[in-house]
Amino acid sequence: MRWVEKLAYFAPFTIEYRPGKENVGPDYLSRHSAKVSDGETYCILDLCAGMGTTLRALELVIPEAAHITIDYIAVEKDKDCRNVISRVFHQVCLARPGLFTRKDIFRYGNDVTTLLHRRKLPHAHLIIAGVPCQPFSKANTDFTRPPLGLYDTRELFTAVAKLRERLR
């Protein structure tokens with residue numbers, strides 16, 4: 001019953017059971033999977049790609065029997081993160097040969113704002129953006145770089161929103 005102790009932190013609250021027909025959003029997601037066709041290639045644009053967790057998820061989520069290939073594009077500004085992503089990409093390629101169509105995963109550059117100003121953008125089936133939250137974080141106690149919200153040079157929410165509009 002450890003979960004009760006963890007939930008007690010958020011007390012007071014009540015737990016209500018809702019049958020599937022009344023709990024429409026979660027019920028829909030649990031009953032309908034994404035429509036994925038065998039033999040298709042899907043382009044995934046991973047903005048602010050971080051540490052390669054998307055690659056690990058793809059390795060685990062896509063069944064080995066599925067005849068699906070991924071055109072994976074990563075955009076990450078931090079050099080150390082790019083090194084980790086490259087290492088994870090090569091590990092997943094070894095574990096799942098044929099899953100990815102290309103090896104040049106950083107071919108669109110390393111900066112979301114630079115990508116935004118490119119004339120030609122990739123046709124992406126899925127856009128993933130884990131943008132940094134430091135510009136908006138109240139937990140940021142760095143007095144040399146205080147959080148400035150939309151005026152912060154690290155702010156990428158607006159760039160990602162504009163990029164999403166261009167890719168529609």
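The values are calculated or read from the model by the stated rules, or taken from the named source; none is laboratory data. Please read all numbers here as calculations on a predicted model, not as lab measurements. Every residue, glycine as well, gets a Cβ built from its backbone with ideal geometry; the counts of neighbours run over all protein chains shown. All accessible areas refer to the heavy atoms of the entire protein, side chains included, with ligands and DNA or RNA removed. Shrake-Rupley method; radii C 1.70, N 1.55, O 1.52, S 1.80 Å.
Just one of the listed residues (Arg118, Arg145, Arg102) is part of a loop (DSSP other than H, G, I, E, B), modelled with pLDDT under 90 and of a type in the set (D, E, K, R), and it is Arg145.
Put simply, of Asp78, Asp111, Asp71 the only residue that is farther than 18 Å from Phe157 by Cβ and of a type in the set (D, E, K, R) is Asp71. Residue-level analysis places His67 outside the set of residues that are modelled with pLDDT of 95 or more and open to solvent by 70 Å² or more (accessible area, probe 1.4 Å). On inspection, Ile127 qualifies as open to solvent by 40 Å² or more (accessible area, probe 1.4 Å), under 27 Å from Lys162 (Cα atoms) and assigned to a strand (DSSP E or B). Residues that are within 16 Å of the chain's Cα centre (by Cα), aliphatic (A, V, I, L, M) and not in a helix (DSSP H, G or I) are absent from segment 76-95.
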